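Nothing in this text is a laboratory measurement; each read-out follows from the coordinates by a stated rule. The model shown is predicted, which means the values in this text are computed figures rather than measured ones. Virtual Cβ from ideal backbone geometry, glycine too; neighbours counted across all protein chains shown.
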Amino acid sequence: MRVLVAGGAGFIGSHLCARLLREGHDVVCVDNFVTGRVANLRELEDLPGFDLCEHDIIQPLPELGHFDEVFHLASPASPPGYQRHPVETMRVNAEGSLALLELATGLGARYLYASTSEAYGDPLEHPQREDYRGNVSSTGPRSMYDEAKRYGEALAMAFLRSRGTHARIVRIFNTYGPHSDPTDGRLVPNFITQALRGEPMTIYADGLQTRSLCYVSDLVEGLLRAMRTPEARGEVVNLGNPEEHTILEFATIIRELTGSSSTFVHTEPAVGDDPQRRQPDIAKAQRILGWAPVVPLREGLLATIDYFRAELGLPGGHPA
Ligand code: NAD
Ligand code: UDP
């Protein structure tokens with residue numbers, strides 16, 4: 001098959017490209033590097049079957065040939081990232097989605113849209129099921145991301161209903177692993193780099209807010225199943241690991257696994273309405289896709305710590 005991965009130079013996209021190439025597919029990665037990194041493609045760029053097209057998908061797409069599958073992962077994803085690029089974030093999920101939906105529809109290709117658990121906002125239902133409509137501010141400091149993703153979902157459904165597009169939507173919950181940007185400000189990169197450097201670990205507010213972390217190889221398996229399972233067409237499916245912990249618990253586990261003696265420092269709450277609890281209900285993914293995460297938290301964190309050691313030039317690290 002020939003597959004387009006928009007956002008393929010990013011954290012999740014680079015793992016998806018690698019997996020597709022291992023399966024023998026041809027991959028075209030389209031990325032403008034607004035938050036992606038050349039280093040993420042280091043081991044792919046010389047492989048036969050891999051092409052990089054440096055391009056902003058809100059601009060008219062160049063002629064790229066036929067595709068069987070179109071993955072739309074292009075978007076800043078970390079809160080500091082999308083708050084630094086608010087208009088770009090809205091445009092890539094609106095105009096970028098439009099361009100990729102037109103392309104996929106014209107080619108009769110399958111289309112997968114990477115939405116987010118942020119579509120639920122600061123949820124009032126717990127855990128979050130796909131039929132929960134969310135508690136989202138259309139004007140708050142996270143709105144450029146949350147509302148853009150909700151628009152991207154609606155656009156995919158509009159194409160499916162009016163033009164027969166083979167579209168599906170996944171709502172990705174917090175994902176971690178090698179290739180995530182050590183400087184993007186998210187929980188796992190912050191805590192690991194702080195712990196490895198012996199710096200204080202920054203716990204925002206009381207640290208009793210929760211998240212559920214999914215290892216990237218599990219997430220990629222879920223993306224592929226969502227793309228290829230015929231019953232997923234027209235569906236919204238949560239992908240994430242339901243093992244929920246407080247931020248303080250994650251900090252404690254990371255400090256232990258790195259052997260660090262970093263202290264914890266409680267700082268101001270995160271900018272915006274920091275969702276207080278987040279945990280995916282994955283019954284639908286299990287039922288439709290036969291998918292559930294398999295990588296234990298400590299195993300995934302150890303692999304990520306190894307990667308960050310190498311990124312920071314510390315001894316004992318293994319690049320992914
Ligand atoms: P990332 O920032 O590492 O990757 C996104 C990629 O998209 C980057 O390489 C970036 O340069 C590219 N991009 C952004 N705008 C573009 C544009 N206009 N044209 C071309 N390329 C563009 O983020 P990620 O963590 O890999 O996330 C991938 C997708 O998954 C995003 O859509 C994100 O919203 C979604 N998601 C991620 C998480 C997570 O925990 N990582 C959670 C929920 C949803
Ligand atoms: N967080 C924290 N310290 C940090 C980074 C994040 O306490 O250095 C908290 C943040 O307040 C949030 C959670 O960790 O409750 C996850 O934040 P992240 O930015 O990774 O992503 P989010 O899930 O908010 O999109």
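How many percent of the alpha carbon pairs in segment 194-288 exceed a separation of 18 Å?
58
Per-residue ellipticity at 222 nm for the chain, helices alone: DSSP H runs ≥ 4 residues times -39500 (n - 2.57), over residue total, nearest 500 deg cm²/dmol?
So the helix-based figure for the chain works out to -11500 deg cm²/dmol.
In degrees, nearest 10, range 0 to 90: what is the angle between the Cα axis of helix 143-163 and the longest Cα principal axis of the chain?
In the chain, helix 143-163 runs at an angle near 30 degrees to the longest axis.
Could you pull out every residue, at least 5 positions away or on a different chain, whose amide H is within less than 5 Å of the one on His166? Hs are placed 1.01 Å off N in the peptide plane, and Pro or chain starts have none.
Distant-sequence amide H within range of His166: Tyr111.
Which of Tyr215, Tyr113, Tyr132 has the fewest other C-beta atoms within 10 Å, and how do the rest follow up to the most?
Ranked by crowding around the Cβ, least crowded first: Tyr132, Tyr215, Tyr113.
For the chain, what is the Kirkwood estimate of the hydrodynamic radius, computed as the reciprocal of the mean inverse distance between distinct Cα atoms, to one decimal in Å?
Result for the chain, one decimal place: 19.8 Å.
Could you give the length gained on full extension between Asn135 and Glu244, defined as 0.36 nm per residue of separation minus the Cα-Cα distance, in nm?
My answer for the length gained is 37.3 nm.
Based on DSSP, what percent of beta bridges with both residues in the chain are antiparallel, to the nearest 5?
Beta bridges within the chain, antiparallel portion: roughly 10 percent.
Extent of segment 136-224 along each principal axis, from alpha carbon coordinates, in Å, largest to smallest?
Principal extents (largest minus smallest coordinate, Cα): 55, 34, 22 Å.
Report the FRET efficiency, 1/(1 + (r/R0)^6), for Tyr151 and Ser261, where r is their Cβ-Cβ distance and R0 is 45 Å, rounded to 0.05.
The calculated FRET efficiency here is 0.45.
To make sure I understand, if each residue's beta carbon is the centre and we count other beta carbons within 10 Å, what order do Arg84, Arg287 fall in, fewest to most?
Fewest-to-most Cβ neighbours within 10 Å comes out as Arg287, Arg84.
I need the shape label for segment 107-150. Rule: rounded when a/c is under 1.5, else prolate if a/b > b/c, else oblate, with a, b, c from the alpha carbon gyration tensor.
Oblate.
Quick check on the exposure proxy: order Cys53, Cys214 from fewest to most C-beta atoms within 10 angstrom.
So the residues, fewest neighbours to most, are Cys53, Cys214.
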